[in-house]
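This report refers to the structure that appears directly beneath it.
The values are calculated or read from the model by the stated rules, or taken from the named source; none is laboratory data. The shown structure was predicted, so the numbers you read here are calculated from the model rather than taken from an experiment. Quick reminder, even Gly has a Cβ in these numbers, built from the backbone with ideal geometry, and neighbours come from all protein chains shown. With ligands, DNA and RNA removed, areas are computed over all heavy atoms of the protein, side chains included. Shrake-Rupley method; radii C 1.70, N 1.55, O 1.52, S 1.80 Å.
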Amino acid sequence: MTRRMETVFEASRPGRKGYALPELDVPAVDCRAALGKACRGKPPRLPEMAEVDVVRHFTRLSKLNYSVDEGFYPLGSCTMKYNPKVNEAAARMPGFAHLHPLQPEETAQGAMKLLFDLGAMLAEITGMDAVTLQPAAGAHGEQTGLMLIKAWHESRGDAKRTKVIVPDSAHGTNPASAAVTGFETVEVASDDEGMVDLGSLEAILDDTVAALMLTNPNTLGIFEKHILELTEAVHRAGGLVYYDGANLNAIMGKARPGDMGFDVLHLNLHKTFGTPHGGGGPGAGPVGVKAELEPFLPSPVVVHKGGRYTFTGKDERPRSIGRVRSFYGNFGVLVKAYAYIRALGPEGLKEASEMSVLNANYLAKKLGGLYPLAHKGHCMHEFVLNGGPLKHETGVSTLDVAKAVIEAGFHPPTIYFPLIVPEALMVEPTETESVETLDRFAEAMEDIVAKARSEGPEAFHGLPTTTPISRPDETTAARNPILRWQFEE
């Protein structure tokens, strides 16, 4: 059993310090006299540790984190692919890393060209007419896209469109983003094949619908084969169609959302285009639109005129929804995505999608004999297993399986999502994993099923044994997290 790691506050010892400040070479200032009540009444309770102890503490802490550089990350709908280190090197180039967002435009022409060119590349890849790079992540991109949809309807005097339709298999951010933007969410059912039921959609389309939000392929890893009929139906009703770009890595270079009838989309650069994902950020969620929505894009926008790159002024875009993020987006992430696209080129992006689909179907074939697939047939980049029969047979739940996967040395798949599949295990191998890795994972899953059948649920309740914390009360941890150190008074 791994010993619980001390916090910095537990490791603190009075009088120890890991720093040395130079002698004061400016006049001393009385904090109370200068700041009054804004000044602290007593010094902050910071940990007191020697430098070597601080370094060792954070080094040990870093080793507790499971990362894509360490092992397989089969999280469904998360695309935890390997992040090429050349992208990191590009973002750390002094000309990019040392820029200040307020420095004069003429001193940042290279960076502005990168922004301009990246927007054009993403527009071409997705079949859109214009792109904004401001949004800081996927959900932020969703909100921005829905704000654009709302602004477009309002500009036409169509204020009664207050509803956004989302499939019952949708990512949870879709209804959340709609609600935050002021829309009412309406759910549409999936059919027996795991796709949006066209009849159910037609039944709820009316003149109050602002948009349909759709992921294609969807969260079951299935391509919506009726996509043209779906988008046409929404357009006939006067609504717009929003593309959740979380799963674009399945079709990148093969098909374009803009050609399917989508009007607005967001992309997760920190998923599809090889930049780090997870750990709280940073991310990037560019939003692309068709020409009729382009005037509403967030400002400022990088434009090329008179032989130079510049930002549009406020008066140039009177219908813009305004700025959605400080400055011009998470620039370092944008540099990494630009490097990824330039390194792979059109054929490389296409091959990445092909490998993503090949790996998923290979692993689905191997695991489909252990767990029933939620939907039979070929998948795209991910697939969903139904852990219900195993639980019914052995008492071993999907959560137990996930903990056993950790014990086996892998990150577990996404579990209990989408909600329309009982005891769901959602697996996405991504395009960067080798067949040897996929085989090892399949063998581990096979061993877990065998263990469940031979030993029952009791053998799983103590797993994992290789982590500092084994089986926390996850409900309490989510609803009542302890986020600060409690000092003893």
From the residues Met147, Ala111, Asn87, which one has its Cα farthest along the dipole of the stretch 78-164 in the positive direction, the dipole being from +1 and -1 charges on Cβ of Lys/Arg and Asp/Glu about the Cα centre? Met147
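Kindly provide the chymotrypsin sites (Phe, Trp or Tyr not before Pro) of the stretch 1-60 that DSSP labels as loop, not H, G, I, E or B, and whose Cβ sees at most 12 other Cβ atoms within 10 Å. Present the calculation step by step, with values, prior to reporting the outcome.
On the way: sites: Phe9, Tyr19, Phe58; in loops: Tyr19.
Answer by residue number: Tyr19.
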Could you work out how far the C-alpha centroid of the stretch 389-420 sits from that of the stretch 329-379, in angstrom? 23 Å
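Where in the stretch 285-381 are there trypsin sites (Lys or Arg not before Pro) that are in a DSSP coil and have at most 11 other Cβ atoms within 10 angstrom of their Cβ? It would help to have the intermediate numbers written out before the result.
Details: sites: Lys290, Lys305, Arg308, Lys314, Arg319, Arg323, Arg325, Lys336, Arg342, Lys350, Lys365, Lys366, Lys376; in loops: Lys290, Arg319, Arg323, Arg325, Lys376.
Passing both the DSSP loop test and the Cβ count: Lys376.
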Just for the Cα atoms in the stretch 277-414, what are the lengths along the principal axes, largest first, rounded to whole Å? 69, 31, 31
For the stretch 313-368: span of alpha carbons on each principal axis (Å, largest first): 58, 27, 19
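Dividing the Cα convex hull volume of the stretch 55-169 by residue count, how many Å³ per residue is that? Can you show the working numbers first?
Details: hull volume 26.4 nm³, N = 115.
Dividing the Cα hull volume of the stretch 55-169 by its residues yields 230 Å³.
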Of the DSSP H helices in the chain, those whose Cα atoms cover at least 15 Å axially and whose Kyte score averages -1.0 or more: 51-63, 109-126, 138-155, 331-367, 435-455
So which chymotrypsin sites (Phe, Trp or Tyr not before Pro) in the stretch 284-349 are both in a DSSP loop and have at most 16 other Cβ atoms within 10 Å of their Cβ? Phe327
Placing +1 at every Lys and Arg Cβ and -1 at every Asp and Glu Cβ, with all other atoms neutral, what dipole size does the chain have around its Cα centre, in debye to the nearest 20? 1720 debye
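How big is the charge dipole of the stretch 82-241 about its Cα centre, in debye rounded to the nearest 20, if each Lys and Arg gets +1 on its Cβ and each Asp and Glu gets -1 on its Cβ? Walk me through the numbers before you get to the answer.
Working: 10 positive and 22 negative charges, 134 e Å.
In total the dipole reaches around 640 debye.
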Per the Debye formula with a single identical scatterer at each Cα and no solvent contribution, what log10 I(q)/I(0) holds for the chain at q = 0.07, 0.11, 0.13 Å⁻¹? -0.46, -1.05, -1.29
Could you tell me which of Gly306, Gly36, Met380 has its Cα farthest along the dipole of the chain towards the positive end, charges placed at Cβ (Lys, Arg +1; Asp, Glu -1), taken about the Cα centre? Gly36
Relative contact order of the stretch 90-179: what whole-number percent is it, with Cα pairs under 8 angstrom and at least 6 residues apart? 20 percent
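How do the peptides 457-466, 408-417 rank, highest first, by the average count of neighbouring beta carbon atoms within 10 Å per residue?
Values: 457-466: 14.8, 408-417: 19.3.
Those peptides, ordered most packed to least, come out 408-417, 457-466.
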Report the charge-dipole magnitude of the stretch 363-417 in Debye, nearest 20, computed about the Cα centre from +1 at each Lys and Arg Cβ and -1 at each Asp and Glu Cβ. 160 debye
Alpha-carbon Debye profile of the stretch 76-130, log10 I(q)/I(0) at 0.13, 0.16, 0.26, 0.31 Å⁻¹: -0.51, -0.73, -1.03, -1.09
Can you pick out the pairs among Lys365/Lys451; Lys163/Lys376; Lys81/Lys150; Lys42/Lys63; Lys271/Lys350; Lys254/Lys336 whose Cα atoms lie more than 25 Å from each other? Lys163/Lys376; Lys81/Lys150; Lys42/Lys63
If the viscosity is 1.002 mPa s and the temperature 20 °C, what Stokes-Einstein diffusion coefficient in µm²/s follows for the stretch 282-349 when Rh is the Kirkwood radius over Cα pairs? 153 µm²/s
Post the alpha-carbon centroid distance, the stretch 94-125 to the stretch 1-75, in whole angstrom. 35 Å
Using helices alone, what [θ] at 222 nm do you get for the chain, with -39,500 (n - 2.57) per DSSP H run of 4 or more residues, divided over all residues and rounded to the nearest 500? -11500 deg cm²/dmol
State the Cα centre-to-centre distance between the stretch 229-261 and the stretch 135-181 in whole Å. 15 Å
Given Cα pairs under 8 Å that are at least 6 residues apart, what percent is the relative contact order of the stretch 331-432? 29 percent
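Rounded, prolate or oblate for the stretch 430-480? Axes are the square roots of the Cα gyration tensor eigenvalues, ordered a ≥ b ≥ c, and the cut-off for rounded is a/c under 1.5.
Working: a/c = 2.76, a/b = 1.38, b/c = 2.01.
It is oblate, given that a/c is not under 1.5 and a/b is not larger than b/c.
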In the chain, if the dipole is taken from +1 on Lys/Arg beta carbons and -1 on Asp/Glu beta carbons about the Cα centre, which of Thr394, Pro286, Leu99 is farthest to the positive end? Leu99
The chain, accessible surface, carbon-and-sulfur percent (1.4 angstrom probe): 55 percent
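Relative contact order for the chain: what percent, with Cα pairs under 8 Å and sequence separation of 6 or more?
Working: 847 pairs, mean separation 92.2, N = 489.
After rounding, I find 19 percent.
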